[in-house]
Every structure is written in C-alpha cells, then in structure tokens.
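Encoded as structure tokens, the structure appears first; notes follow it.
The values are calculated or read from the model by the stated rules, or taken from the named source; none is laboratory data. Keep in mind that what you see is a predicted model, and the values were worked out from it rather than measured. Positions of Cβ are generated from backbone atoms using ideal geometry, with glycine treated the same way; all protein chains shown enter the neighbour counts.
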Amino acid sequence: MFTGIVTAVGRVAKITRDGGRGTGDGGVVLEIKAPYRTLKKGESIAVNGACLTVEKVTRGGFTARAVDTTLDRTLFGEYEVGRKVNLERAVRAADRLGGHLVQGHVDGVATVDHVSARGEAVVVGLRVPDGVRAVCIPQGSITVDGVSLTLTALPGPWLVQVSLIPFTRDKTTLGALQPGARVHVEGDVIGKYVRQLCRSE
C-alpha cells in the first residue's frame, strides 16, 4: 500500500528483456538508480505508480521485474535507459497518510490531452480509460505516474483534469508533461469498491 506521495525521482540505468512476452517467467527487468539507503530484497516499491518487488539491491539502487501481466497494462515495455521515474516505498502503519490510499495496481495508461498555466498552477487534462473515468468524482483522487492528485474537473466522458502545484512539478516527473505524453493511472480504490457494490445490487 502507498500514499501517492513521491519520495524520490529515480533513473532507469539498465533494461534486460529476458524471455520476452508470453513466457510466464520473462518480462522486463529494470535496474533503477535511487537514493534510498535501506532497501531490502523483497520489499515493495512503487515505480511510476506500479507496485514492483525489489529483486536485488544494487549499489545506488535496485532491480525489479515487470512480468507479462504488468507489461500488459503499463508502459514499462517501452521504457528506455535514462528515463526518470517517480518512486515511493510502501507505507508503514505509523506513517502519515499525506495523499490517499494507493494500491500500486495500475489500471491503465492515460494520454495527456492539454496542459495550460493557471496562475502558479499548471492544469493538465488527461484522457483516461473507461474504468478509471467511472470512479472519478470532482475533488476526488487519482494517481498519475505514482503521484496522488486531486481531480479539479471532469470536462468530458473520457477526460479528467488535475492541477499541478509548483512543488509537485519540481519534485516529480510531472513537471515535464506535454500533450500526447502517456502516463500510468490508478483510480481511487474506494470508488472501485463502491462501483462494484452498486453493480452487485
């Protein structure tokens, strides 16, 4: 479980495609440079919002495997060496919940529709998958590349809008977003359960 409060921006240092898709034990192994000093093998870490398991702790970082099912709903298969990624370690029971409850289970990929300045903030419109849009409400929460954001508007059937404050733009990769960019999105977990319960009645 995560909060969507990014604690570091890492960098993809190496990519190993071992076995390819459909092998069951293949996928992609990412070696990521990160500033964490107390990582342990087996712990969970959110990489651009996707919960991955630390397979090996390396000098100055870690490796993690994105298996076929993860590749099916993320952009990891398209990543290249040098790409910056948002990182968050799993939340502890005693930690402050500064963002919202984030599972690290990416629901799919969204496309940036528009980016515009509004005072000190930057407004970003995202075209999101149907399942994500269905659980979005004004002033609700959404996770974009691992960052917990508040939905400021729902301007269209597939469109949601968020606002990026200067701190978020400076401390995460979202400050570089431009129209056409693609990002991982996770809908609010509470909204998902409510939607499922309503369907069951």
Looking across region 84-122 at residues that are charged (D, E, K, R) and surrounded by fewer than 18 Cβ atoms within 10 Å (Cβ to Cβ), the single one that is nearest to ALA66 (Cα to Cα) is LYS84
Which pairs turn up if I take residues in region 60-87 that are under 11 Å from VAL47 (Cα atoms) and look for partners that are among the charged types (D, E, K, R) and in a loop (DSSP other than H, G, I, E, B) with beta carbon separation below 6 Å, at least 6 apart in sequence or on another chain?
ASN86/ASP145
Criterion violated by LEU154 - all others in (1) under 25 Å from ALA34 (Cα atoms); (2) touching a Pro at 6+ places or on another chain (Cβ under 7 Å) satisfied:
(1)
Looking only at residues in region 1-39 that are of a type in the set (D, E, K, R) and assigned to a loop (DSSP other than H, G, I, E, B), which one is modelled with the lowest pLDDT?
ARG21
Selection within region 117-133 - of a type in the set (Val, Ile, Thr) and more than 18 Å from ALA176 (Cβ to Cβ):
VAL128, VAL132
From the options ARG195, ARG199, residue that is in contact (Cβ under 8 Å) with a residue 12 or more places away in the chain and either surrounded by fewer than 21 Cβ atoms within 10 Å (Cβ to Cβ) or not in a strand (DSSP E or B) (or both):
ARG195
Considering (1) closer than 24 Å to ILE142 by Cβ; (2) of a type in the set (S, T, N, Q); (3) not assigned by TED's automatic domain parsing to the domain that holds VAL147, say which one SER116 fails and leave the rest.
(3)
Can you say whether GLY77 is surrounded by 17 or more Cβ atoms within 10 Å (Cβ to Cβ) and either over 30 Å from LYS14 (Cβ atoms) or of a type outside the set (D, E, K, R) (or both), as far as the supplied structure shows?
no
Return only the number of the condition from (1) under 15 Å from VAL12 (Cα atoms); (2) in contact with a Ser or Thr (Cβ under 9 Å, 6 or more places away or on another chain); (3) not hydrophobic (A, V, I, L, M, F, W, C) that HIS100 does not satisfy.
(1)
If I filter region 148-166 for residues that are in a loop (DSSP other than H, G, I, E, B), hydrophobic (A, V, I, L, M, F, W, C) and under 19 Å from VAL47 (Cβ atoms), do I get at least one hit?
no
